[in-house]
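Peer 1: Next up is a structure, given as structure tokens.
The values are calculated or read from the model by the stated rules, or taken from the named source; none is laboratory data. All values derive from a computational prediction rather than experimental measurement. Neighbour counts are summed over all protein chains in view; Cβ atoms, including those assigned to glycine, are modelled from backbone coordinates with ideal geometry. Ligands, DNA and RNA are stripped out before the accessible areas are found, and what is left, the full protein with its side chains, is counted by its heavy atoms. Shrake-Rupley method; radii C 1.70, N 1.55, O 1.52, S 1.80 Å.
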Amino acid sequence: MDDVEVIRVRVLPDGRVDRKNAAMALGREPKTLAEWKRLGLGPKGFLVGGRVFYWWADVQSFARGEAA
């Protein structure tokens, strides 16, 4: 039987996740998501107070292989 790793991701009440948590959910490093944002790839990030956030629903969709 395969082991399943449980990953705890902090989702804010409005449905946002920061870059660190989005990267953790996708099994990537935060710098990878920063590069994806620069290249226009991955889930769409947006700025709030100078920090990049992602909508949790968009991160989940991307993880399932659906269009970003």
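Peer 1: Take the residues in the stretch 26-40 that are of a type in the set (A, V, I, L, M, F, W, C) and open to solvent by less than 70 Å² (accessible area, probe 1.4 Å); name whichever of them is nearest to Val11 (Cα to Cα).
Peer 2: Residues of the stretch 26-40 of a type in the set (A, V, I, L, M, F, W, C): 26, 33-34, 36, 39.
Still in the running and open to solvent by less than 70 Å² (accessible area, probe 1.4 Å): 26, 33-34, 36.
Working: Leu26: 14, Leu33: 17, Ala34: 19, Trp36: 21 Å.
Looking at residues that are of a type in the set (A, V, I, L, M, F, W, C) and open to solvent by less than 70 Å² (accessible area, probe 1.4 Å), I get Leu26.
Peer 1: When you look at Lys20, is it open to solvent by 80 Å² or more (accessible area, probe 1.4 Å), touching a Gly at 6+ places or on another chain (Cβ under 7 Å) and outside any loop (DSSP other than H, G, I, E, B), yes or no? Quick ask: steps written out before the conclusion?
Peer 2: On the way: open to solvent by 80 Å² or more (accessible area, probe 1.4 Å): yes; touching a Gly at 6+ places or on another chain (Cβ under 7 Å): no; outside any loop (DSSP other than H, G, I, E, B): yes.
Criteria not met by Lys20.
Peer 1: Now for a separate question. Considering only residues that are within 16 Å of Asn21 (Cβ to Cβ), open to solvent by 60 Å² or more (accessible area, probe 1.4 Å) and in a loop (DSSP other than H, G, I, E, B), which ones fall in the stretch 41-65?
Peer 2: Passing the criteria: only Lys44.
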